[in-house]
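Every number in this text was worked out from the coordinates using simple rules, so none of it is lab data. Here the structure is a predicted model, which is why all the values come from computation and not from measurement. Using ideal geometry, Cβ is built from the backbone for each residue, glycine included, and neighbour counts are taken over all protein chains shown.
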Amino acid sequence: MLLIPKPACPHCGHPGFRRVKTAPNGDGGSTRQCVCLACDQGFLVIDEPTFQSELPVVWPV
Ligand SMILES: [Zn+2]
């Protein structure tokens, strides 16, 4: 089992968030829409299947 580092909020750096929805990218990865538990700001977490050992891409929205 791979240990994947948890993404953190790009707005305040808090590691806790809840997923609002997950949309498949069509290439095996997925885009998760998340909301930070600390500052309540939204952001996207993009999982790329070819980079499983690296940090997921976090995109503020
Ligand atoms: Zn935050």
* Structure fact -> Output ordering of 15-21, 30-36 (per-residue mean of other Cβ within 10 Å, highest first) is 30-36, 15-21
* Once phi is turned into θ = phi - 60°, what whole-Hz ³J(HN,Hα) does the Karplus curve with 6.51, -1.76 and 1.60 give for every residue of region 32-40, x standing for Gly and Pro? -> 9, 8, 10, 10, 5, 7, 8, 10, 6
